[in-house]
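Every number here is computed from the coordinates shown, using simple stated rules; none is lab data. If you're wondering where the values come from, they're calculated on a predicted model, not measured in any experiment. Virtual Cβ from ideal backbone geometry, glycine too; neighbours counted across all protein chains shown.
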Amino acid sequence: MDIKEHILFITGKLAEKNLKKVLDCIEDKKFSYEIKNLNINVAALLTTEMIKRRIGDISNFDKIIIPGRVKGDINALSKTLNISIERGPEELKDMPVLFGGKPLKYDLSKYEVHIFAEITDAPLMSIDQIINLAKYYTSNGADIIDVGCLPNQPFPHLAEAIQELKNQDLYVSVDSHDNDELILGGKSGADYLLSIKSDNFYILDEVDSYPILIPNKPGDMDSLYECIEKCLKMKRTFIADSILDPINHGFTSSLLRYSELRKKYPDIHIMMGTGNITELTHADTTGMTMLLMGIISELKINHILTTEVSNHCSTVIKENDLARRIMLASSTNAITPKHIHPGLLVTHGSEGFQYNLDEIEDLAKKIKDSNYRIMISDNGISLFNRDGIHTYTNPYDFFDHLNIGKDVGHAFYLGMELAKAQIAFQLRKNYEQDEELDWGCLFDKPAEDKLTFKKSGPTYKKKNDT
């Protein structure tokens, strides 16, 4: 930027001090600046129309930077005020990026680990059910659909299922302990076969599918090495899996076997099946997924096989898709996998509460209307309007202080917002009134259109109708 550039930063009362701190921390600034508080408490509530009315004299400035969440058309505002206007980041901590500082947002468009997603009960499902589930898995990030066969369960539509999946332009693997099913799968067009061992290696003479090689029994690395050497000699493309064991059933030793496999064969493709950990451990899967993907990243493992059988594993594919991207960004940029993307922080927030109670109480003193505001701090949930402020940890404690008459819609709204605030307080998540709580990658938040304003909610409409 031109060293003479003089920038006006627009903000609100609450963010003014923090904005100055962030700007002062930018090293070797090639600009001078002033901050203007437009006499609104929360900067995110500003609109381009409000800015136009309140901004005043701007003749001394070369550019204006407005808060990232401002609603309205900034191009129209720029033309009206005859000055360059830029929308800043949504989070203050990202402000340095605008001025050549180290980027806090990383490229997550790339990944190196491929996800095999297993349809575990495929023999019990119709073709349409298999196709629908496969599409769901691929929409969440799966690269290969693994058709799981069941022991002693006939699968008369196996060939048709594979062919229909291929008709959907999907990569397909067949997962079976039955050699005849593996051969049928290969001849029906499956791209991969799980699993090939030394005692059924002959299958590779009959099909062109890529084999996933495993030991004859857990821990028998010599039998796995035997299959690997055969494939190398045949110049046959393959993937090797030394098998990940459940926790307290050989988990640590099985990790060491993956390390041994990678050291012995630095250039081969390796798979890790993660379901023995996620499915057989009763804990939220986001943390397990991230840690396993970290191990996978360090060992340069190329593929994972995962499942979504247990209820607590119902979003594992989506979690793995994000985790593999975060880990590649971490590895590429030589940083720890922190502050790259918050999508796997589904329970807690990445930062502490945005305001302390003193700041909220100071804000409450400036309120001149009867509308209720809700904010949270380490002290609890604060509800306030011109009549005063009350802070509790239990929403029921606010009941005696509410003055809403017979406005049922307002009562419903406050009950819903206070319940959300309680959840956020208990889990130490960020809470913004009228906004959904952030559950990371578990739920896709709709993209926000900053050129339009939110429509009135049903409680407001009902109030006006009555």
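Restricting the calculation to Cα atoms, segment 108-159 yields a radius of gyration followed by a Dmax of 12.7, 43 Å.
Across the alpha-carbon atoms of segment 295-439, the computed radius of gyration and Dmax are 20.6, 64 angstrom. For the pair segment 282-307 / segment 132-176, the C-alpha centres are spaced 22 Å from each other.
A simple packing score, the average count of other Cβ atoms within 10 Å per residue, orders the peptides 4-10, 142-148, 159-165 as 142-148, 159-165, 4-10, with the highest score first. With R₀ fixed at 35 Å, the C-beta to C-beta distance from Ile35 to Ile295 puts the FRET efficiency at about 0.15. Three semi-axes describe the equivalent ellipsoid of the chain; taken as square roots of 5 times the Cα gyration tensor eigenvalues and ordered largest first, they are 54, 27, 21 Å. Annotation: the antiparallel percentage among DSSP beta bridges lying fully within the chain is about 20. Over segment 168-300, with a single point scatterer placed on each C-alpha, what log10 of the ratio I(q)/I(0) does the Debye formula yield at q = 0.12, 0.15, 0.17, 0.22 1/Å? Relative scattering, expressed as log10 I(q)/I(0), comes to -0.49, -0.76, -0.95, -1.34.
Across the alpha-carbon atoms of segment 6-99, the computed radius of gyration and Dmax are 12.2, 34 angstrom.
Over the chain, DSSP H runs of length four or greater, each weighted -39,500 (n - 2.57), average out per residue to a 222 nm ellipticity of -10000 deg cm²/dmol.
Scoring 212-218, 123-129, 328-334 by mean Cβ neighbours within 10 Å over their residues and listing the highest first yields 212-218, 328-334, 123-129. Seen against the Cα atoms of the chain and their longest principal axis, helix 408-427 is set at about 60 degrees. Can you classify segment 16-158 as rounded, prolate or oblate using the Cα gyration tensor, where a ≥ b ≥ c are the square roots of its eigenvalues, rounded means a/c under 1.5, and otherwise it's prolate if a/b beats b/c and oblate if not? Prolate is the answer for segment 16-158, as a/c is 1.5 or above and a/b outweighs b/c. Charged side chains reduced to their Cβ positions (Lys and Arg at +1, Asp and Glu at -1) give the chain a dipole of some 2120 debye around its Cα centre. Per-residue Cβ neighbour counts within 10 Å put Val309, Val346, Val316 in the sequence Val309, Val346, Val316, beginning with the fewest. When each of the peptides 12-25, 290-303 is scored by the mean number of other C-beta atoms lying within 10 Å of its residues, the order from highest to lowest reads 290-303, 12-25. Footprinting exposure proxy ranking of Thr278, Thr252, fewest other C-beta atoms within 10 angstrom first, gives Thr252, Thr278.
Between the listed residues Met125, Ile115, Ser59, the Cα displaced farthest toward the positive end of the dipole of segment 28-133, a dipole computed from Cβ unit charges relative to the Cα centre, is found at Ser59. Axis angle, to the nearest 10 degrees, between helix 127-139 and the longest C-alpha principal axis of the chain: 50 degrees.
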